[in-house]
Amino acid sequence: MQYLLFLYGDEDAFHSLPDEEQARIVGAHQAYAQALSEAGSMVAGNALAHPREGKIVRDRLGAAQAEDGPFTDAKEQLGGYYIIEADDLDEALDWASKCPAAETGTIEVRPVWRIA
Amino acid sequence: MTPNAVTESARATAEAVARDSYGRLVAWLASVGGDVAAAEDALADAFVKALEHWARDGLPEAPEAWLLTAARRRLIDGARREATRGRAAEEIARAIEEAAADDDARNTIPDDRLRLMFICAHPAIDPAIRTPLMLQTALGVDAKRIAAAFLASPSAMAQRLVRAKRKIADARIPFANPDPQDLPARLGAVLDAVYAAFGADFDDAGGARQPFAEEALFLARLAARLAPDEPEPLGLVALMAFIHARAPARRAGGAYVPFDAQDTTRWDADLMAEAEEALGRAAAFQAPGRYQLEAAIQSAHVTRRMQGVDTREDVVRLYDRLIARAPSIGARVARAAALVAAGRAPDAISALDGIPPSKAATHQPYWAARAEAEAMLGLASADDSYARAIGLSTDEAARRFLARRRGAARKGG
């Protein structure tokens, strides 16, 4: 069973950290990804660029429009994700609790819906 | 007093009674009715009534007895309503009245909490729910708080608790002490559930969070008091008191401080004394068990720091005895860490090699111990092992600590 871990955090707070702190957090994610891989639980994982690099696409009245964004007032933005393989939700939650992003941000754990 | 002050004082008294005697009242009510869920409901109802009555009429002389009477009445009413469905309910109602009459005569509420704990850790109850069940029924811990600590959603945890209580009632799990020949195993299950509340994955190098440390200590002390002829509850009290005594010294400015670097003046002297005393009393039984051995290991560590005696080989030997009795992965990894501490890195690595890779893959202490052993031998593989230990840590302070150790190993290599 696959689970998607959405990593929400304060992107600006991260980018305003000193370089060595940023490097330490990146290192913790590399270690986490390695632990996942070695346990045979890693499917995919990536960090996302800052939300200001993103675009929003909406299809309105048959015409797709691209806009800058997302612009949200939320303190936390989607900053990365992991897709993991786990036997059940308990195992997925256990992995989520080990994710370095859990310490400062929020992790949303969602089962991947299998369309048969 | 102003009306608000009266309400406030009624609430304060209700809370104080809840803390001290919640489990005792649930145990008594459940012992006569055989239904933990009904007992809890009746008691909850009694607390609501208490807040109304005490705020209006003033505090009763014996709040606990007041609550028991109110809960009992509610339980009898409930049983009578059920009576139309069968005679058993009528018998329960009569049993409650008779038991009440007996207790009124003695004017005491018996402490049946150990039997309540035996029920929570009964073989028919799923081991995964035993600890939450015990926290809720014996201590009245809020299901939401339990759910958060056990990484479950509040509704899922509530549902699992309800299901477990229904099983107790439906399967008629007896509210009785186990037969003497079953006692060690049944008591072991109770102690395991209590220790799980303390923090099952607790490890000095992992620095795990311990949301129920105080509750677990309370339950272990209770078990030791209510089963005075058994040494293992004392062993568990000693083990947890040793570990909990060091909590203030385990963090400095948010950073994790390993055992050997801890400021021993920040250890809680009362808890340390309680631990040594409990371990001494347990040892007098001359019947060592898992928790006594684990407490003895803690005691050996403490002796080394406090008295400067080298006890590191004693620790390894105690682990040998522990593993002979309870060969868990955690104990085998901890023994390997003890070998590293004793300067025996090659022995540690061969001990770790004996653990199946499938068990080691997600075990943080395994990789922390392995990394330390490899670093001691100047092996390049230490870097990888540190990475895996960091990746499996649940705690920011532990991650930082291991990253520092990893950096030091890189410089040394």
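The values are calculated or read from the model by the stated rules, or taken from the named source; none is laboratory data. Small disclaimer: the values here were computed from a predicted structure and weren't measured. Neighbour counts are summed over all protein chains in view; Cβ atoms, including those assigned to glycine, are modelled from backbone coordinates with ideal geometry. Please note that ligands, DNA and RNA were not included when accessible areas were found on the heavy atoms of the full protein model with its side chains. Shrake-Rupley method; radii C 1.70, N 1.55, O 1.52, S 1.80 Å.
Observations
- Only one of the listed residues (B:ALA224, B:ALA189, B:ALA238, B:ALA197) is more than 16 Å from B:LEU271 (Cα to Cα), at pLDDT 90 or above and outside any loop (DSSP other than H, G, I, E, B). That residue is B:ALA189.
- Of the numbered criteria (1) in contact (Cβ under 8 Å) with a residue 60 or more places away in the chain; (2) farther than 30 Å from A:ALA102 by Cβ; (3) not in a helix (DSSP H, G or I), the one B:VAL141 fails is (2).
- Only helices (runs of 4 or more DSSP H) whose full extent lies in the range B:309-413 are considered here, and the ones with at least 2 residues that are among the hydrophobic types (A, V, I, L, M, F, W, C) and surrounded by 21 or more Cβ atoms within 10 Å (Cβ to Cβ) are B:312-325, B:329-341, B:345-353, B:364-376, B:381-392, B:396-412.
- Taking first residues from the range B:259-288 that are under 16 Å from B:LEU234 (Cα atoms) and among the aliphatic types (A, V, I, L, M) and partners that are in a loop (DSSP other than H, G, I, E, B) and at pLDDT 95 or above, the Cβ contacts under 7 Å between residues at least 6 apart in sequence or on separate chains come to B:ALA282/B:PRO231; B:ALA287/B:PRO231.
- Matching residues in the range B:248-267 - criterion: being open to solvent by less than 70 Å² (accessible area, probe 1.4 Å), within 14 Å of B:ARG305 (Cα to Cα), part of a loop (DSSP other than H, G, I, E, B) and not hydrophobic (A, V, I, L, M, F, W, C): B:PRO258, B:GLN262
- Filter pass, A:SER16 being within 19 Å of A:TYR82 (Cβ to Cβ) and among the polar types (S, T, N, Q): no
- Hits in the range A:1-17 (condition: open to solvent by 70 Å² or more (accessible area, probe 1.4 Å) and either among the β-branched types (Val, Ile, Thr) or without any contact (Cβ under 8 Å) to a residue 24 or more places away in the chain (or both)): A:ASP12, A:SER16
- Residue match in the range A:75-96 (condition: among the aromatic types (Phe, Trp, Tyr), within 16 Å of the chain's Cα centre (by Cα) and open to solvent by less than 40 Å² (accessible area, probe 1.4 Å)): yes
- Candidate set from the range A:97-116 (those that are without any contact (Cβ under 8 Å) to a residue 24 or more places away in the chain and within 9 Å of chain B (Cβ to nearest Cβ)); member that is nearest to the chain's Cα centre (by Cα): A:ALA102
- A:ARG52 meets the conditions (1) open to solvent by 60 Å² or more (accessible area, probe 1.4 Å); (2) touching a strand residue (DSSP E or B) at 6+ places or on another chain (Cβ under 9 Å); (3) under 21 Å from B:ILE390 (Cα atoms) in every case but one. The failed one is (3).
- Qualifying residue in the range A:60-73 (condition: within 14 Å of chain B (Cβ to nearest Cβ), exposed (fewer than 14 other Cβ atoms within 10 Å of the Cβ) and more than 20 Å from B:ASP395 (Cα to Cα)): no
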